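The values are calculated or read from the model by the stated rules, or taken from the named source; none is laboratory data. From a predicted model like this one, the values you see are computed outputs, not experimental measurements. Ideal geometry is used to build each Cβ from the backbone, glycine not excepted, and the neighbour counts take in all protein chains shown. Heads up: the accessible areas ignore ligands, DNA and RNA and are worked out on the full protein's heavy atoms, side chains in. Shrake-Rupley method; radii C 1.70, N 1.55, O 1.52, S 1.80 Å.
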Amino acid sequence: ADAAAAAAAPGSGGDGRQDGGRGEPKTLWGSSEPRPPAAGPGQPSPQQRTETLGFYESDRGRKKKRSLSDLSLLRFISAELTRGYFLEHNEAKYTERRERVYTCMRIPKELEKLMFFGIFLCLDAFLYVFTLLPLRVFLAMFRFITLPCYGLRDRRLLQPAQVCDMLKGVILVICYFMMHYVDYSMMYHLIRGQSVIKLYIIYNMLEVADRLISSFGQDILDALYWTATEPKERKRAHIGVIPHFFMAVLYVFLHAILIMVQATTLNVAFNSHNKSLLTIMMSNNFVEIKGSVFKKFEKNNLFQMSNSDIKERFTNYVLLLIVCLRNMEQFSWNPDHFWVLFPDVCMVVASEIAVDIVKHAFITKFNDITADVYSEYRASLAFDLVSSRQKNAYTDYSDSVSRRMGFIPLPLAVLLIRVVTSSIKVQGVLAYVCVVLFYCGLISLKVLNSIVLLGKSCQYVKEAKMEEKLFNPVPTATPGKPAGKQQGTFKSTQGISTDENGSTSVTNQPVHQKENMPSLLVTSNSDQFLTTPDGEEKDISQDSSELKHRSAKKDLLEIDRFTICGNRID
């Protein structure tokens, strides 16, 4: 009776509610918890809840305990062993990853194709200094001497190309005699007396200095050539050539000394007993990976770095040749000593190739660049060669290589001539006959290399569909004004001709224009068309926004200067 009265006490509402009828039910422990919501219309009841992760959700209100079999370790292990997944649900992602792997596998082949072609381009420009340049200087001198016999038919005493050849020859001879005052033996022993760490720092400083002085040196030579050949109204204006000439001589001499110090440091590393210095110098190449791989690269920046790698690899080959000549001279040209040096030479070359492959593979991977871009780079270099063979070309091919890759052959040629003449003694008639035969062999190698390169270049240009750029050259824009729409069509009678078999050859060039017509020289359009064009170009002067876009793109594609690190990001 007391319990019933307590249940029917005021405030309880007669329905089990308390605390003023607020509807908070008592739990087993006397605490209040919210009542689970009732199942609405169309919703499953708590007893009909679905299975989640292999367990049935328990109703907290009913306080149903979980079964011990649902929490067993064996069931968890069984689920881990038998669960599956479907890769086709993310097909695009995995296809992209597979293409990246294929690209990395193609990089060594495509990169070495570009390197092989570029090294032979550098070799062609380097052999030009030893073979054809002396002959061209001789012909220019012969024309200058015999000019009074033929009369002054032209205002120019010499053609611009002949003036440039004469300047190159004079600079080469002056710097060669200046190099005789530099003692190679004293430099070798001075460097050998330094500690390993000092030599490592010196070698790194020399590499940076070589890039800096190369970027400024080509500008000095270009300034000299233009100052000597530009039209002048007064004879007094010719005096300006003298300071430019002395600056060019000083540059070539200092650059030759810098390369000599590099070769001497490498020679000390080869002759060290424990080879520790050589190992440290080789490990320096792998530091280059850290400095370049984790940077953002566009196609044009990668082309810039590829040209720098070509130049660096060819320079290293010449330095190794100088080291072998100096060592063979010290051992009286004993062939057994060459096989002692051969493993170290192979190790240096292999490390250089491995570093280039790893560097380019990861750069293309991180920047989503395909391996086909290297064929476009090769076509751009081939276009430089083909355009420089025309009669109205604006520059010599060796100068074009210098501007494109930063490879300046004059200082390296001066050093090699100095080392060869000091290492090999020419005595007797038979020795001079051997020298003449060797020179004829160099000329034959140069001609054969040029013919093969020209044929390959025409093939690459044709494959890249850049032939029309030779037939329709872009006119040279006035300084300070953007290049507008071309006023006329550059008519040519013969250019790159294709025979019945499909082979391409370079024949005669466009006809000479009248004097009153604007000069439309065949410029190196590979600066503007660095990569293979995917479609026809639109008119530049359609609207102002498109003009701004194309002018910015043109600035990025003009990669005819050797930058400091070879991978500048604009």
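In region 258-280, what residues are open to solvent by less than 30 Å² (accessible area, probe 1.4 Å) and farther than 22 Å from residue 186 by Cβ? The one that is open to solvent by less than 30 Å² (accessible area, probe 1.4 Å) and farther than 22 Å from residue 186 by Cβ: 278.
Only residues that are buried (at least 16 other Cβ atoms within 10 Å of the Cβ) and in contact with a Leu (Cβ under 7 Å, 6 or more places away or on another chain) were counted across region 207-216, and they come to 2.
Checking 348, 340 one by one, the residue that is surrounded by fewer than 18 Cβ atoms within 10 Å (Cβ to Cβ) and either closer than 30 Å to residue 418 by Cα or in contact with a helix residue (DSSP H, G or I) (Cβ under 9 Å, 6 or more places away or on another chain) (or both) is 340 and no other. Could you count how many residues in region 99-115 are surrounded by fewer than 18 Cβ atoms within 10 Å (Cβ to Cβ) and either at pLDDT 95 or above or polar (S, T, N, Q) (or both)? Of the residues in that region, 0 qualify.
Those helices (runs of 4 or more DSSP H) of region 118-206 in which at least 2 residues are free of Cβ contacts under 8 Å to residues at least 40 places away in the same chain and surrounded by 13 or more Cβ atoms within 10 Å (Cβ to Cβ), considering only elements entirely within it, cover 132-145, 160-179.
Condition check: open to solvent by less than 20 Å² (accessible area, probe 1.4 Å) and touching a residue at least 60 places away in the same chain (Cβ under 8 Å). Does residue 320 satisfy that?
no
State whether the residues of region 208-221 include one that is among the basic types (Lys, Arg) and more than 28 Å from the chain's Cα centre (by Cα). Scanning region 208-221 turns up no residue that is among the basic types (Lys, Arg) and more than 28 Å from the chain's Cα centre (by Cα). Sub-6 Å Cβ pairs linking a first residue in region 241-257 that is over 15 Å from residue 410 (Cα atoms) and open to solvent by 30 Å² or more (accessible area, probe 1.4 Å) to a second residue that is part of a helix (DSSP H, G or I) and among the hydroxyl-bearing types (Ser, Thr, Tyr), at least 6 apart or interchain, are 244/227, ordered by first then second residue.
Kindly provide the set of residues from region 364-383 that are open to solvent by 10 Å² or more (accessible area, probe 1.4 Å) and part of a helix (DSSP H, G or I), ordered by number. Outline the logic, then answer.
Step one: list which residues in region 364-383 are open to solvent by 10 Å² or more (accessible area, probe 1.4 Å), which gives 365-370, 372, 375-376, 378.
365, 366, 375, 376, 378 - these are the residues of region 364-383 that are open to solvent by 10 Å² or more (accessible area, probe 1.4 Å) and part of a helix (DSSP H, G or I).
Check region 352-366 and report whether any residue there is more than 30 Å from residue 467 (Cα to Cα) and of a type in the set (Lys, Arg). Within region 352-366, one or more residues are more than 30 Å from residue 467 (Cα to Cα) and of a type in the set (Lys, Arg).
Let's see how each residue does on (1) more than 16 Å from residue 210 (Cα to Cα); (2) of a type in the set (A, V, I, L, M, F, W, C); (3) under 26 Å from the mean Cα position of the chain (by Cα); (4) not in a helix (DSSP H, G or I):
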{"site": "264", "(1), (2), (3), (4)": "no, no, no, no"}
{"site": "267", "(1), (2), (3), (4)": "yes, no, no, no"}
{"site": "273", "(1), (2), (3), (4)": "yes, no, no, yes"}
{"site": "306", "(1), (2), (3), (4)": "yes, no, yes, no"}
{"site": "310", "(1), (2), (3), (4)": "no, yes, yes, no"}
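Return the pair list, or none, for Cβ contacts closer than 9 Å from residues in region 393-416 that are under 15 Å from residue 254 (Cβ atoms) and part of a loop (DSSP other than H, G, I, E, B) to residues that are open to solvent by 20 Å² or more (accessible area, probe 1.4 Å) and not β-branched (Val, Ile, Thr), at least 6 apart or on different chains. Qualifying pairs under 9 Å: 408/562.
Can residue 507 be described as at pLDDT below 85 and more than 29 Å from the chain's Cα centre (by Cα)? So residue 507 fits the description; yes. Does residue 294 meet the test of being of a type outside the set (Asp, Glu), more than 20 Å from residue 407 (Cα to Cα) and open to solvent by 40 Å² or more (accessible area, probe 1.4 Å)? Judged against the criteria, residue 294 is a match. Please determine whether any residue of region 223-236 is more than 30 Å from residue 159 (Cβ to Cβ) and either in contact with a Pro (Cβ under 7 Å, 6 or more places away or on another chain) or modelled with pLDDT of 80 or more (or both). So far as region 223-236 goes, no, none of its residues is more than 30 Å from residue 159 (Cβ to Cβ) and either in contact with a Pro (Cβ under 7 Å, 6 or more places away or on another chain) or modelled with pLDDT of 80 or more (or both).
So that you can scan it fast, the table gives a plain yes or no per residue for (1) among the small types (Gly, Ala, Ser); (2) closer than 27 Å to residue 144 by Cβ; (3) in contact with a strand residue (DSSP E or B) (Cβ under 8 Å, 6 or more places away or on another chain):
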| residue | (1), (2), (3) |
| --- | --- |
| 174 | no, yes, no |
| 186 | no, no, no |
| 193 | yes, no, no |
| 209 | yes, no, no |
| 214 | yes, no, no |
| 241 | no, yes, no |
| 252 | no, yes, no |
| 255 | no, no, no |
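When the residues of region 70-98 are narrowed to those that are open to solvent by 80 Å² or more (accessible area, probe 1.4 Å) and outside any helix (DSSP H, G or I), which ends up farthest from residue 358 (Cα to Cα)? Per the stated criteria, the residue is 71.
Just one of the listed residues (83, 143, 106) is under 30 Å from residue 437 (Cβ atoms) and of a type in the set (Lys, Arg), namely 143.
To keep it simple, each residue is scored yes or no on (1) closer than 29 Å to residue 413 by Cβ; (2) modelled with pLDDT of 90 or more; (3) in contact with a strand residue (DSSP E or B) (Cβ under 9 Å, 6 or more places away or on another chain); (4) open to solvent by 10 Å² or more (accessible area, probe 1.4 Å).
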| site | (1), (2), (3), (4) |
| --- | --- |
| 282 | yes, no, no, yes |
| 285 | yes, no, no, yes |
| 289 | no, no, no, yes |
| 309 | yes, yes, no, no |
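Residue-by-condition table, conditions (1) in contact with a His (Cβ under 7 Å, 6 or more places away or on another chain); (2) open to solvent by 20 Å² or more (accessible area, probe 1.4 Å); (3) among the aliphatic types (A, V, I, L, M):
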{"residue": "386", "(1), (2), (3)": "no, no, yes"}
{"residue": "392", "(1), (2), (3)": "no, yes, no"}
{"residue": "418", "(1), (2), (3)": "no, yes, no"}
{"residue": "422", "(1), (2), (3)": "no, yes, no"}
{"residue": "440", "(1), (2), (3)": "no, yes, no"}
{"residue": "450", "(1), (2), (3)": "no, no, no"}
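Across region 333-349, a minimum of one residue is classified as assigned to a loop (DSSP other than H, G, I, E, B), aromatic (Phe, Trp, Tyr) and modelled with pLDDT of 85 or more.
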